[in-house]
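Notes follow once the structure below has been shown.
The values are calculated or read from the model by the stated rules, or taken from the named source; none is laboratory data. Owing to the predicted nature of the structure, the values given are computational and were not obtained by experimental measurement. Positions of Cβ are backbone-derived with ideal geometry, glycine not excepted, and every protein chain shown enters the neighbour counts.
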Amino acid sequence: MKRYLLYAALFALAAILGACTQQQSKDEFYKDEIAKIIAQGEVPLIQLEYVSPQEKLSVQVVNPAFYDSVKIAEGTAVPQPAIFQAASLSKVVFAYIVMKLYENGEIDLDKPICEYTDIERFADKERAKLLTPRIVLNHRTGLPNWSKSPSSEEWPTSTIEFKFATDSCFGYSGEGFAFLQRAVEAIKGKDIDAIAKEIVFDPLGMEYTSYNWLPVYDSLAVDGYNASGENRGKGRHPRANVGYTLRTCAADYSKFVQALLNGTGLKPETFEVMFDANTGNAFRYRDNNREIDKKIAWAMGIGTEENANHGKILWHWGDNGSFKALFLVIPSEQTTLVYFTNSAHGHDIINPLTSLLLKDTMPIVVSDWITKK
């Protein structure tokens, strides 16, 4: 009997070791393939989290063309975990926060935002009174992306002009999100980072994520590279802005994306409202209505694509110039993908990455929507 138990234990150990070896081999295969993709795309660094029922991949891959090979071999070329600018992935976290306030009865999605905060910066105050949280999250404000560069000294007091009629069509706008941010801060009586920490970051264990600069970023934040491969530094934003200032890592943001997939922190009916794509034909460029725009719609702060292979894909892209990011959620397959890069070329690798990980032979529409003029 003792001998039988010993054999059984050895067999179980061998099976575990075999499974570990197999997983390590699979991880190394993916790392090698991703290394080829970022080398071809001239991307210095990528951090990626891929989760499906069959596998989980968590990698940080460095391009030797941009970093010292010895330091790469030592694992000291970039910090662990490297912290990236999340750019517009900031907006989806904020949308989740707004939906939490809606669920708690603290904000009305169809009530004018001017009833929560002032409209002093708007040139046309009568039109500003038409703006609601739902219109902002659907990107149907009629506002420009920004009135001035949001990191400039002039931006907080700059005049906001409307570009087209409110609630008439899709028009991507960070300015609308910043307006709604002020309303949320007024409702909660605290700044957006404290609100996000309470509602999202702490509950989900996102310890490296913040709209403001954290002291730990001094050593963990990575530099960004422009299209010419020049180092443009870490970039410091003067104020927290839900449109673009979030910093995070793939492991942290993947926890948030998994919350979107699994329905964590919000009631099912709240997620149903959030994911309802009631803004069809997301024309990215108003002077160039492309055929691909008809295949992308917008829900409450999150994009959607109806895909022939995967069904509905929930997604958002991030673009802060020298930092590019993307996430995908495929509910029907219980699959998520998050990646961050520190390169202006970071969106040029969407198709190779999704082809590798999703086993796709046909590119997802998201890639062309983001990258094609």
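Residue-by-condition table, conditions (1) more than 23 Å from K148 (Cβ to Cβ); (2) assigned to a loop (DSSP other than H, G, I, E, B); (3) in contact (Cβ under 8 Å) with a residue 24 or more places away in the chain:
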site: F179; (1), (2), (3): no, no, yes
site: R182; (1), (2), (3): no, no, yes
site: K190; (1), (2), (3): yes, yes, no
site: A196; (1), (2), (3): yes, no, yes
site: I199; (1), (2), (3): yes, no, yes
site: P203; (1), (2), (3): yes, no, yes
site: L214; (1), (2), (3): yes, yes, yes
site: S219; (1), (2), (3): yes, no, yes
| task | Collect the residues in the stretch 304-357 that are without any contact (Cβ under 8 Å) to a residue 40 or more places away in the chain and among the hydroxyl-bearing types (S, T, Y), keeping them in residue-number order. | result | T304, S332, T354, S355
| said: Step by step: first the residues of the stretch 273-305, then only those that are among the β-branched types (V, I, T) and surrounded by fewer than 20 Cβ atoms within 10 Å (Cβ to Cβ), then the one that is farthest from I97 (Cα to Cα). Which residue is that? | reply: I292
| said: Please verify whether K255 is touching a Leu at 6+ places or on another chain (Cβ under 6 Å) and basic (K, R), treating the condition exactly as stated. | reply: yes
| Residue among G243, G233 that alone is among the small types (G, A, S) and on the phi > 0 side of the Ramachandran plot | G233
| said: I'm trying to understand the selection: among the residues of the stretch 95-141, which are under 22 Å from the mean Cα position of the chain (by Cα), of a type outside the set (V, I, T) and in a loop (DSSP other than H, G, I, E, B)? | reply: N138, H139, R140
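Restricting to the stretch 307-350, give me the number of residues that are outside any helix (DSSP H, G or I) and within 29 Å of G235 (Cα to Cα).
Of the residues in the stretch 307-350, 30 are outside any helix (DSSP H, G or I) and within 29 Å of G235 (Cα to Cα).
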| Quick one: which of P79, P64, P53 is under 27 Å from S151 (Cα atoms), assigned to a loop (DSSP other than H, G, I, E, B) and modelled with pLDDT of 85 or more? | P79
